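K.L.:
First, the structure itself, so that you have it in front of you.
The values are calculated or read from the model by the stated rules, or taken from the named source; none is laboratory data. Only a predicted model underlies this, so the values are computations on that prediction, with no experimental measurement involved. Cβ sites come from the backbone with ideal geometry, for glycine too, and all protein chains shown count toward neighbours. All accessible areas refer to the heavy atoms of the entire protein, side chains included, with ligands and DNA or RNA removed. Shrake-Rupley method; radii C 1.70, N 1.55, O 1.52, S 1.80 Å.
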Amino acid sequence: MVTEKQIGWNRGEMAQKVANDIPDGSYVNLGIGIPELVADRVPEGIEVVYHTENGLLGMGTVPAAGSEDPELINAGKKCVTAIPGASYFHHADSFTMIRGGHLDISVLGALQISEKGDLANWSTGKPGAIPAVGGAMDLVAGVKNVWVITEHNTKDGKFKLVKECSFPLTGKGVVNTIYTNLAIIDVKKTGMFVREMAPGVSFEFLQEKTEIMLKQI
Amino acid sequence: MINKIVHSTSEAFVDIFDGATIMISGFGEAGSPIELIHSLIDTGAKNLTVVSNNTGSGNVGLAALIENRQVRKMICSFPRTANSTVFPELYRNNEIELELVPQGTLAERIRAGGAGIPAFFTPSSVNTPLADGKEEREFDGKLYVMEHAIKADFALVKCQSADRYGNLIYNKTARNFGPIMCTAANVTIVQAKNIVEAGSIDPETVITPGIFVNRVVQVASPADESKLVAEGRSYPW
């Protein structure tokens with residue numbers, strides 16, 4: 001029996017869709033979570049340089065067991081490696097790259113995305129929650145292309161693509177493309193356009209899972 | 001003769017005072033000057049405002065300073081991480097103040113503090129709750145929010161190698177906030193894994209020029225914070 005849960009792409013496939021869209025020669029910042037899966041899936045022959053905002057351009061793969069260096073980490077505080085040709089820098093330089101528009105793509109997670117491309121991804125605004133923002137607001141303010149990779153709906157089936165974000169915003173009108181388990185959707189001034197749907201997903205099904213009126217290309 | 005080397009981490013804190021604003025380098029444990037923080041705990045200085053990206057983990061280093069009730073206010077971008085329990089608990093009980101700052105704004109406020117720039121406009125946080133109550137201005141049709149520089153009484157920084165002039169080089173991503181914090185404090189105290197002869201760091205590779213550094217103390221084998229946390233250690237030992 002096919003349950004609704006199994007419809008659509010899995011996380012690896014979502015990351016693959018993002019990886020397929022990264023142009024050769026791009027400088028890319030990957031957020032924590034599903035975005036981290038993108039790096040391993042970039043097609044052969046495409047060179048991408050990964051930026052991690054704690055101060056490394058040219059982030060490589062996960063180190064072999066036993067060769068981890070606690071002073072060589074990514075923004076998620078996990079041990080990483082540096083590729084030949086990498087560089088280290090301090091935080092003001094790192095955010096000069098981000099805010100100054102030098103990075104090509106930022107891939108982030110999301111709690112909610114609105115019709116206008118507003119992004120909420122740092123706080124559910126619940127009382128008692130510890131607010132933590134990190135570099136997300138700088139990334140969406142400064143990076144040329146902001147791509148969001150997220151499950152289409154919350155675990156309890158609520159909309160994530162909403163008319164207006166109810167959670168505190170990370171940035172207003174900042175999202176360019178949304179990669180979900182059900183579809184790839186481009187956010188344009190004239191609306192949200194479905195570029196591709198996962199196998200077995202119909203436009204009607206997708207619309208049912210989305211609060212915003214979607215448009216077909 | 002200029003010689004910024006002091007012989008112990010406690011000697012580095014001769015002029016610490018209650019109510020001081022203290023910048024502490026590090027992104028998680030990478031670059032966190034844990035031995036300097038422990039000496040700061042030993043001084044008993046309280047009512048401190050601490051500027052640091054995170055709030056420490058376990059019950060050592062920055063988390064121990066907070067747990068010891070020496071910190072009145074944290075200025076940081078990401079106060080919760082894995083193994084971070086001390087700050088969240090105090091925060092929920094309203095026993096510590098938090099000024100939450102986007103990471104890049106935090107870096108730029110520190111940089112501006114060191115560079116003699118009192119305030120600046122940034123696009124980060126515009127139209128979010130973190131811009132509430134702040135002056136906004138439009139430049140070329142785009143909105144920006146005004147942010148003030150941060151300066152500190154002390155900066156505590158970890159580096160890889162230092163010479164007697166206070167010239168510093170760092171190690172990989174442990175550099176993070178170190179170089180900018182060195183510039184933004186009245187008294188910059190550095191713990192260095194190695195103290196090297198003046199002239200042995202190639203001037204082309206100096207990351208922090210010595211003018212930004214006041215005191216250097218050697219900590220040849222700094223503790224590995226995650227190991228201490230895994231062992232369940234807490235400071236004071």
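K.L.:
At 20 °C and a viscosity of 1.002 mPa s, what translational diffusion coefficient does Stokes-Einstein give for chain A, taking Rh as the Kirkwood radius over Cα pairs? Give it in µm²/s as a whole number.
P.N.:
Working: Rh = 18.0 Å.
D = 119 µm²/s.
K.L.:
Continuing with the same structure: Which percent, to the nearest 5, of DSSP beta bridges fully inside the range A:4-216 are antiparallel?
P.N.:
On the way: 19 of 37 bridges.
The answer is about 50 percent antiparallel.
K.L.:
So how much slack lies between B:Asn186 and B:Ile117, counting 0.36 nm per residue of separation and subtracting their Cα-Cα distance, in nm? Let's see the in-between values first.
P.N.:
Details: separation 69, 0.36 × 69 = 24.84 nm, distance 1.55 nm.
Between B:Asn186 and B:Ile117, full extension yields an extra 23.3 nm.
K.L.:
With every protein chain present, what is the per residue accessible area of chain A (1.4 Å probe, Å²)? All intermediate terms of the calculation are to be shown ahead of the outcome.
P.N.:
Numbers: 9810 Å² over 217 residues.
Roughly 45 Å² per residue, with all protein chains present.
K.L.:
As a test of the formula, what do you get for chain B when each DSSP H run with n ≥ 4 contributes -39,500 (n - 2.57) and the sum is divided by the residue count, at 222 nm and rounded to the nearest 500 deg cm²/dmol?
P.N.:
Values: 6 runs with 49 residues, N = 237.
So the helix-based figure for chain B works out to -5500 deg cm²/dmol.
K.L.:
Across all directions of projection, what mean area in square nanometres is found for the Cα convex hull of the protein assembly as shown? Don't skip to the answer; put the middle values down first.
P.N.:
Details: hull surface 94.9 nm².
Over all viewing directions, the protein assembly as shown projects a mean Cα-hull area of 23.7 nm².
K.L.:
Please list, by residue number, every one of the GluC sites (Glu not before Pro) in the range B:181-237 that is coil in DSSP and has at most 12 other beta-carbon atoms within 10 Å. Working shown, then result.
P.N.:
Values: sites: B:Glu197, B:Glu204, B:Glu225, B:Glu231; in loops: B:Glu197, B:Glu231.
For GluC sites (Glu not before Pro) across the range B:181-237 that sit outside H, G, I, E and B with at most 12 neighbouring Cβ atoms in 10 Å, the list reads B:Glu197, B:Glu231.
K.L.:
Between A:Thr190 and B:Ser8, what is the spin-label point distance in nm, taking each point 7 Å from the Cα along the Cα→C-beta axis?
P.N.:
With each label point 7 Å from Cα toward Cβ, the separation is 7.5 nm.
K.L.:
Pick from B:Gly133, B:Gly44, B:Gly199: which residue has the top mean-square fluctuation in a GNM of chain B where Cα pairs under 10 Å get a spring?
P.N.:
Looking only at B:Gly133, B:Gly44, B:Gly199, the biggest GNM fluctuation is shown by B:Gly133.
K.L.:
Computing the accessible area with a 1.4 Å probe over protein heavy atoms, can you report the carbon and sulfur percentage for the range B:167-237? Working shown, then result.
P.N.:
Numbers: 1550 of 3270 Å².
Here it works out to 47 percent.
K.L.:
Calculated FRET efficiency, B:Val206 and B:Asp15, Cβ-Cβ r, R0 30 Å, to nearest 0.05?
P.N.:
The pair B:Val206/B:Asp15 has a calculated efficiency of 0.70.
K.L.:
With only Lys, Arg, Asp and Glu charged, each at its Cβ (+1 for the first two, -1 for the last two), find how big the charge dipole of the protein assembly as shown is about the Cα centre; round to the nearest 20 debye.
P.N.:
In debye, rounded to 20, the protein assembly as shown gives about 620.
K.L.:
Enumerate by residue number the trypsin sites (Lys or Arg not before Pro) in the range B:65-131 meeting two conditions: DSSP loop (anything except H, G, I, E, B), and at most 12 other Cβ atoms within 10 Å of the site's Cβ.
P.N.:
Numbers: sites: B:Arg69, B:Arg72, B:Lys73, B:Arg80, B:Arg92, B:Arg109, B:Arg111; in loops: B:Arg69, B:Arg80.
Those that pass, being in a loop and sparsely packed, are B:Arg69.
K.L.:
Further question: Given B:Tyr91, B:Leu156, B:Gly104, which one lies farthest toward the positive end of the charge dipole of the range B:64-167, if we put +1 on the Cβ of every Lys and Arg and -1 on the Cβ of every Asp and Glu?
P.N.:
Sorting the options by dipole projection puts first B:Leu156.
K.L.:
Can you tell me, using C-alpha contacts under 8 Å and at least 6 residues apart, the relative contact order of chain B as a whole percent? If you can, show how the numbers build up before the last one.
P.N.:
On the way: 562 pairs, mean separation 57.4, N = 237.
With pairs under 8 Å counted, the relative contact order is 24 percent.
K.L.:
Gaussian network model of chain B, Cα springs within a sub-10 Å range: biggest mean-square fluctuation belongs to which of B:Ile66, B:Ile41, B:Ile211?
P.N.:
B:Ile211
K.L.:
Give the separation of the Cα centroids, the range A:1-68 to the range A:126-189, in Å.
P.N.:
18 Å
K.L.:
While we're on this one: Roughly speaking, what is the stretch gain from B:Glu231 to B:Glu197, that is 0.36 nm per residue apart minus the C-alpha to C-alpha distance, in nm to one decimal? Intermediate results must be reported in sequence, preceding the final value.
P.N.:
Numbers: separation 34, 0.36 × 34 = 12.24 nm, distance 3.64 nm.
Roughly 8.6 nm would be gained on extension.
K.L.:
If you roll a 1.4 Å probe over the range A:45-95 with all protein chains in place, what percent of the accessible area is carbon or sulfur? Spell out each step's value before the answer.
P.N.:
Numbers: 1210 of 2110 Å².
Result for the range A:45-95: 58 percent of the exposed heavy-atom area is carbon or sulfur.
K.L.:
To continue, here is another question. Helix A:11-21 against the longest principal axis of chain A: what's the angle in degrees, Cα atoms only, rounded to the nearest 10?
P.N.:
Rounded to the nearest ten degrees, it is 80.
K.L.:
Return one whole number: the accessible area per residue of the range B:147-217 in Å², for a 1.4 Å probe.
P.N.:
With all protein chains present, the range B:147-217 gives 36 Å² per residue.
K.L.:
Contact order normalised by length for the range A:37-129, with contacts defined as Cα pairs under 8 Å and 6 or more residues apart; what percent is it? Working shown, then result.
P.N.:
Values: 96 pairs, mean separation 18.6, N = 93.
The normalised contact order for the range A:37-129 reaches 20 percent.
K.L.:
Is the C-alpha gyration tensor of chain B telling us rounded, prolate or oblate? Criteria: a/c under 1.5 is rounded; beyond that, a/b larger than b/c is prolate, otherwise oblate. Show your work: numbers first, answer last.
P.N.:
On the way: a/c = 1.86, a/b = 1.20, b/c = 1.55.
The shape class here is oblate.
K.L.:
Could you work out the relative contact order of chain A? I mean the mean sequence separation of Cα pairs under 8 Å and 6+ apart, divided by the number of residues, in percent. Show your work: numbers first, answer last.
P.N.:
Numbers: 456 pairs, mean separation 41.4, N = 217.
Relative contact order for chain A comes out at 19 percent.
K.L.:
A:Glu208 to A:Ser166: extension gain in nm, 0.36 nm per residue of separation minus the Cα-Cα distance?
P.N.:
Roughly 13.2 nm would be gained on extension.
K.L.:
Moving on. Would you work out which of A:Pro84, A:Ile34, A:Val62 lies farthest towards the positive end of the dipole of the range A:4-216, given +1 charges on the beta-carbon of Lys and Arg and -1 on that of Asp and Glu, about the Cα centre?
P.N.:
A:Ile34
K.L.:
What number, rounded to the nearest 500 deg cm²/dmol, is the helix-based mean residue ellipticity at 222 nm of chain A, given -39500 (n - 2.57) per DSSP H run of at least four residues and division by all its residues? List each step's numbers first, then the result.
P.N.:
Values: 4 runs with 33 residues, N = 217.
Helix-only estimate at 222 nm: -4000 deg cm²/dmol.
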